[in-house]
Amino acid sequence: MLCITIQNKEMDQLFRKYINSVINPEEYSKVSDFLASKKNEDIIYSLIKPHWDREMLEESEVQKPNPELRDKIIQAILISDRETVLRKLSVSRLKLRIAAILITGLIISTVFFIRKSTKVQYVAEMQTISAPFGAKTNFTLPDGSLVWLNSGSSVSFISSFEKSRLVSLKGEAFFEVENNGNPFLVSTEYGDVEVKGTSFNVSAFAGEYFQTTLLTGTVKVKEKRTGEEVSLQPGQQAGIYGTDFKVENVDTDMFSSWKDGKLIFRNENLLSVTKRLERWYNVKIELGSDKRLSEISYTGTLEMESFSEVLQLLKITAPIDYIYDEKTRTIRIEYTNNF
Amino acid sequence: MKKTFELEIVLLQLAEDNPAAIEELFNYYYHRLYHFSKSFLKLDEGIDDVLQEVFIKIWQNRKNIRTTHTFNAFIFTITRNLLLNELRSRLNDQKVKDKIGKLAIPIEYSFIEQSEYYDLKEKVDRAIDELPVRQKEIFSLSRINGYSHKEIAEKLNITTKAVEFHIAKATVLLRKKLLNFELA
């Protein structure tokens with residue numbers, strides 16, 4: 001017990017020296033080994049506390065404002081529970097320049113919150129553009145960049161957009177970014193994509209793989225979980241597959257043609273095909289339990305086909321059959337031997 | 001006019017799901033947290049990512065934060081855990097560990113070519129020993145006891161500026177002495 005106390009006392013001093021950056025090389029190697037070991041966690045916690053207390057009491061002379069980070073945080077929390085915020089705060093007029101709304105059913109919401117500032121009353125707005133299932137849309141951001149939003153996706157950004165160009169994406173969107181010198185950042189649940197002026201596609205649907213596909217220019221993709229970063233060249237795609245973060249060369253058309261009203265499948269398995277169809281046509285598709293269904297894959301391009309035509313196509317090209325329930329708009333796909 | 005920060009009021013706003021509360025908290029805590037994180041991680045990179053997570057965690061846990069007491073405990077725990085995790089993973093990477101070391105070890109150890117470490121330390125100690133009395137006293141409080149400039153100022157009842165002045169003067173002198181040792 002005594003020896004532990006003595007050791008802590010020594011560590012207390014070493015830790016203080018470390019914190020104040022006045023530690024000598026030998027002591028640094030000692031303290032860094034100590035800090036790196038998980039079993040010392042509790043002792044480290046108690047070593048940290050007095051330094052924390054002192055820092056928190058400090059009357060800061062130098063303000064270190066960081067409006068970009070502040071806006072990013074505010075935006076993240078607004079998006080994280082938009083519903084709550086919408087209920088509490090007034091939903092009001094729009095100031096967004098929407099170039100074109102191709103499809104009806106587009107939902108735009110604006111969230112205001114008042115910020116108390118020493119100088120002026122300042123209003124920050126968050127705008128969200130959503131494309132419901134079965135609909136797609138495109139629009140122009142305040143900086144002139146173009147966004148194509150796929151079905152079941154939404155993009156949010158705040159009013160001070162032109163300086164800190166940050167959009168938050170749920171689902172899938174294609175971006176054509178105007179180069180104005182300021183970085184343009186697409187933030188998703190799984191990863192961030194940073195660009196200057198370029199065109200690329202980001203897909204980040206909940207429960208599916210995160211993929212960023214670059215058509216022109218350069219982008220940097222950062223995985224949220226590990227912070228790992230890669231730069232993409234045109235024609236490359238960065239994807240997060242579970243714990244795997246990798247870059248591949250791909251046929252970019254396959255990943256961006258949706259914006260031109262085309263669905264392209266290349267050897268894509270039935271499950272993934274049905275997921276895309278569900279969003280595209282706003283329907284529910286259930287797959288039967290037959291294991292052979294998971295072995296079916298499709299290759300082809302769909303363009304302007306009606307949903308019943310698509311189902312016919314699926315049926316004549318693979319051993320499946322389907323039942324459609326009008327009321328629930330649910331399609332059930334089963335494996336069939338009559339092929 | 002300095003704006004006052006009333007934690008109780010901000011926590012009420014927070015309990016009402018008002019995002020303006022996060023903004024207030026950010027304005028009050030950001031530079032404090034940044035300074036603290038910097039002293040712990042040494043490198044600037046990654047600090048903002050940690051702090052973003054701190055504020056988002058506060059927002060997500062707002063229903064459990066009612067009193068200033070729980071808030072103070074929460075913000076400490078969350079920041080501490082995130083920082084320690086970050087530092088631990090960085091120290092396991094030898095390259096990053098060396099980079100952190102460069103920032104944690106004071107300048108006098110870089111004045112002469114790294115020969116043998118004990119040799120170097122002995123030389124630095126000897127050079128400190130030969131400093132004028134006042135400089136030696138202040139320099140030792142910093143390098144041996146590990147106190148910050150502010151703490152030394154409080155102990156000796158002088159200004160922080162004066163401490164910085166003595167340390168700067170001592171550093172210049174040490175450099176000269178150490179270079180002489182090397183030539184000798």
**Prompt:** Picking from B:102, B:97, B:150, which residue would you name as being out of contact with any Gly (no Cβ under 8 Å at 6 or more places or on another chain), at the interface with chain A (Cβ under 7 Å from one of its Cβ atoms) and either without any contact (Cβ under 8 Å) to a residue 40 or more places away in the chain or surrounded by fewer than 20 Cβ atoms within 10 Å (Cβ to Cβ) (or both)?
**Reply:** B:97
**Fill in**
Those residues of the stretch B:105-135 which are at pLDDT below 90, part of a helix (DSSP H, G or I) and loosely packed, with under 15 Cβ neighbours inside 10 Å amount to B:107, B:110, B:117, B:118, B:119, B:122, B:125, B:126
**Request:** Return yes when residue A:197 is over 30 Å from residue A:134 (Cβ atoms) and among the small types (Gly, Ala, Ser) and no when it is not.
**Result:** yes
**Request:** Name the one entry in B:85, B:72, B:145, B:81 that is within 10 Å of chain A (Cβ to nearest Cβ), in a loop (DSSP other than H, G, I, E, B) and within 22 Å of residue A:50 (Cβ to Cβ).
**Result:** B:145
**Filter result for residue A:282 (of a type outside the set (A, V, I, L, M), touching a Gly at 6+ places or on another chain (Cβ under 9 Å), surrounded by fewer than 18 Cβ atoms within 10 Å (Cβ to Cβ) and at pLDDT 85 or above)** = no
**Asked** Here are some conditions: (1) over 26 Å from residue A:213 (Cα atoms); (2) in contact (Cβ under 8 Å) with a residue 24 or more places away in the chain. Residue A:291 meets all but one. Which one does it not meet?
**Response** (2)
**Request:** Test residue B:157 against the stated conditions and say whether it is modelled with pLDDT of 90 or more, in the same structural domain as residue B:43 (by TED's automatic domain parsing), out of contact with any helix residue (DSSP H, G or I) (no Cβ under 7 Å at 6 or more places or on another chain) and more than 18 Å from residue A:30 (Cα to Cα).
**Result:** no
**Message:** Just the residues that are more than 7 Å from chain B (Cβ to nearest Cβ) and in a loop (DSSP other than H, G, I, E, B), please, taken from the stretch A:31-61.
**Reply:** A:37, A:59, A:61
**Request:** Could you grab me the full set of residues in the stretch B:165-184 that are closer than 26 Å to residue A:51 by Cβ and surrounded by 15 or more Cβ atoms within 10 Å (Cβ to Cβ)?
**Result:** B:166, B:167, B:170, B:171
**Complete:** When every residue in the stretch B:21-38 that is more than 7 Å from chain A (Cβ to nearest Cβ), under 15 Å from the mean Cα position of the chain (by Cα) and not aliphatic (A, V, I, L, M) is compared, the one surrounded by the most Cβ atoms within 10 Å (Cβ to Cβ) is B:37
**Message:** With the requirement that a residue be within 7 Å of chain B (Cβ to nearest Cβ), of a type in the set (Ser, Thr, Tyr) and assigned to a helix (DSSP H, G or I), what does the stretch A:12-30 give you?
**Reply:** A:18, A:28
**Message:** Tally up the residues in the stretch A:309-339 that are without any contact (Cβ under 8 Å) to a residue 12 or more places away in the chain and closer than 18 Å to residue A:284 by Cβ, please.
**Reply:** 5
**Complete:** Per the filter on the stretch B:39-62, residues in a helix (DSSP H, G or I), farther than 19 Å from residue A:74 by Cβ and more than 10 Å from chain A (Cβ to nearest Cβ) are B:41
**Message:** For the structure I just gave you, tell me whether residue B:63 is over 23 Å from residue A:19 (Cβ atoms) and not small (Gly, Ala, Ser).
**Reply:** yes
**Request:** Examine the stretch A:213-233 for a residue that is surrounded by 21 or more Cβ atoms within 10 Å (Cβ to Cβ) and assigned to a loop (DSSP other than H, G, I, E, B), and state whether such a residue exists.
**Result:** no
**Request:** Assess whether residue B:80 counts as being in the same structural domain as residue B:58 (by TED's automatic domain parsing) and in contact with a helix residue (DSSP H, G or I) (Cβ under 9 Å, 6 or more places away or on another chain).
**Result:** yes
**Request:** State all residues of the stretch A:301-323 that are exposed (fewer than 14 other Cβ atoms within 10 Å of the Cβ) and modelled with pLDDT under 85; if no residue qualifies, say none.
**Result:** A:301, A:303, A:304, A:306, A:308, A:309, A:312, A:316, A:317
**Message:** Please determine whether any residue of the stretch A:173-188 is modelled with pLDDT under 80 and among the aliphatic types (A, V, I, L, M).
**Reply:** no
**Prompt:** On the given criteria, is residue B:7 buried (at least 19 other Cβ atoms within 10 Å of the Cβ) and more than 18 Å from residue A:71 (Cβ to Cβ)?
**Reply:** no
**Message:** Cβ-Cβ distance below 6 Å, separation of 6 or more or different chains: which pairs start in the stretch B:43-65 with a residue that is more than 19 Å from residue B:86 (Cα to Cα) and end on one that is among the β-branched types (Val, Ile, Thr)?
**Reply:** B:59/A:77; B:59/B:22
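The values are calculated or read from the model by the stated rules, or taken from the named source; none is laboratory data. Predicted model, so just to flag it, every value in this text is computed and none were measured. For neighbour counting, all protein chains shown are included, and Cβ atoms are generated from backbone atoms with ideal geometry for every residue, glycine included.
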